[in-house]
Amino acid sequence: MVRFLNLKVYYVFALTLVLTACFPAPDPNGKQEFLLQGSTMGTTYNIKVVAKKDAYDLATLQQDIDAALVQVNNEMSTYQKDSEISTFNQSSGEQPLSISPGFRTVLVEALRLGDITNGMLDVTVGPLVNLWGFGPDYKPERVPTPEEQASARARIGLEKIILDETGLSKTQPDIYLDLSTIAKGWGVDVVADLLEGKGINNYLVEIGGEMRLKGFKANGTLWHIAVEKPVTSERSVHQVVVPQDNAVATSGDYRNYIEVDGKRYSHIINPETGLPIDHKLVSVTVIHPSSMTADGLSTAIMVMGPEKGLAFAKAQDLAVMMIVKTDDGFEEINTVKFLPYLK
């Protein structure tokens, strides 16, 4: 199986998908909800489409979806040795590499988000992620030495990536590009756009926790999404949101970590310090028209922490819900733009 993003590996997005138990679920107007499920990017996908019976060949539709997701892997999977991104990472980078339109779209957005977040979203941070044991190599769980950390930090930096009309190149041969922070969201967008291209305008697309929704369920109600309570001891609902025609992404650090000598180290690395994040912000949910953008923003705000993250969200006029750990439990902080989506 091609791995793109594994729950053990990189960013865990703690969203609980709300699906009805019926399959399909009819409504008085003759529409039904059809559920398509499969595996991709080291995780699973769940797609609900609302349509009249026999309006679509579901087997063919799923084949088209799988083909589109295979293409995303072929472009941006660091676990796939012959993908475009792996080819780039293995190259010296002196000669520009011609890249596909999908790869370019994701990289352009990654660089834009890196710029507006002052580097808190850095798609070159892979060497540090790998060093701490959260990358493809699954290194032993230990604290890297200061020398190892310094060596890895010397290999990161968005300014070392060059993207222009000739292609993609780098100023340093050992730069390692990893788009896992936003490419899973891109996969959601690809599938959602595919559905709309086929005339399907009532759907829910979920890949490994990232979602995009449009329209209504078969019974005429809006899609409801449950955001998970940020605890390791149980899986329960913290809040229910109604995203309307938008994407939803949640980033958290409470399930994916290593523990060394009794201390827990998060899988989310701060590119500025080179260290795992260490603050009270435990979960960030972003609602945005693009799943790719929501994906990247949720991670960047997690890196920033509660104060800087909230200030950034307000300055950018984003719909963001933050859950902060307190001495008494958790505090939920919502931006004004997020409030209309609360149930």
Exercise for the section: State whether the residues of segment 288-298 include one that is hydrophobic (A, V, I, L, M, F, W, C), under 17 Å from Val241 (Cβ atoms) and out of contact with any Pro (no Cβ under 7 Å at 6 or more places or on another chain). Expected result: yes
Fill in the blank from the handout: Of the residues in segment 39-60, those that are in contact with a Leu (Cβ under 8 Å, 6 or more places away or on another chain) and either surrounded by fewer than 16 Cβ atoms within 10 Å (Cβ to Cβ) or part of a helix (DSSP H, G or I) (or both) come to Leu58
Practice task
Within segment 148-155, identify whether any single residue is in contact (Cβ under 8 Å) with a residue 24 or more places away in the chain, aliphatic (A, V, I, L, M) and buried (at least 19 other Cβ atoms within 10 Å of the Cβ), and answer yes or no.
Solution key: yes
Completion exercise
A careful count of residues in segment 200-228 that are over 13 Å from the mean Cα position of the chain (by Cα), part of a loop (DSSP other than H, G, I, E, B) and in contact (Cβ under 8 Å) with a residue 40 or more places away in the chain gives 9
Exercise for the section: Output the qualifying pairs, or none if there are none: Cβ atoms under 6 angstrom, residues six or more apart or on different chains, first residue in segment 84-113 and free of Cβ contacts under 8 Å to residues at least 24 places away in the same chain, second residue part of a helix (DSSP H, G or I). Expected result: Glu84/Glu75; Glu84/Phe103
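Being out of contact with any strand residue (DSSP E or B) (no Cβ under 6 Å at 6 or more places or on another chain), at pLDDT 95 or above and within 22 Å of Thr78 (Cα to Cα), is that true of even one residue in segment 123-140?
Kept after step one, since they are out of contact with any strand residue (DSSP E or B) (no Cβ under 6 Å at 6 or more places or on another chain), are these residues of segment 123-140: 123-124, 126-127, 130-132, 134-140.
Still in the running and at pLDDT 95 or above: 123-124.
Then keep just the ones that are within 22 Å of Thr78 (Cα to Cα); that gives 123-124.
Scanning segment 123-140, I find at least one residue that is out of contact with any strand residue (DSSP E or B) (no Cβ under 6 Å at 6 or more places or on another chain), at pLDDT 95 or above and within 22 Å of Thr78 (Cα to Cα), so the answer is yes.
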Exercise for the section: Quickly run through segment 208-223 and pick out the residues that are at pLDDT below 95 and within 23 Å of Gln63 (Cβ to Cβ). Expected result: Gly208, Glu210
Exercise for the section: Could you please find all residues in segment 144-188 being in contact with an Asp or Glu (Cβ under 9 Å, 6 or more places away or on another chain), part of a helix (DSSP H, G or I) and either closer than 20 Å to Glu94 by Cα or acidic (Asp, Glu) (or both)? Expected result: Leu158
Exercise for the section: Would you check if Phe13 is crowded, with 16+ Cβ neighbours inside 10 Å, under 26 Å from Val70 (Cα atoms), at pLDDT below 50 and in contact with a helix residue (DSSP H, G or I) (Cβ under 9 Å, 6 or more places away or on another chain)? Expected result: yes
Exercise for the section: Would you point out the residue of segment 236-255, among those that are touching a Ser or Thr at 6+ places or on another chain (Cβ under 7 Å) and outside any strand (DSSP E or B), that is modelled with the highest pLDDT? Expected result: Asp253
Exercise for the section: Identify, from the list Gln80, Gln63, Gln95, the residue that is loosely packed, with under 14 Cβ neighbours inside 10 Å and more than 25 Å from Val49 (Cβ to Cβ). Expected result: Gln95
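For (1) free of Cβ contacts under 8 Å to residues at least 60 places away in the same chain; (2) more than 20 Å from the chain's Cα centre (by Cα); (3) assigned to a helix (DSSP H, G or I), each residue gets a yes or a no:
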{"position": "Glu272", "(1), (2), (3)": "no, yes, no"}
{"position": "Val282", "(1), (2), (3)": "yes, no, no"}
{"position": "Ile287", "(1), (2), (3)": "yes, no, no"}
{"position": "Glu307", "(1), (2), (3)": "yes, yes, yes"}
{"position": "Leu310", "(1), (2), (3)": "yes, no, yes"}
{"position": "Lys337", "(1), (2), (3)": "yes, yes, no"}
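The values are calculated or read from the model by the stated rules, or taken from the named source; none is laboratory data. No experiment lies behind these values; they were computed from the predicted model shown. Quick reminder, even Gly has a Cβ in these numbers, built from the backbone with ideal geometry, and neighbours come from all protein chains shown.
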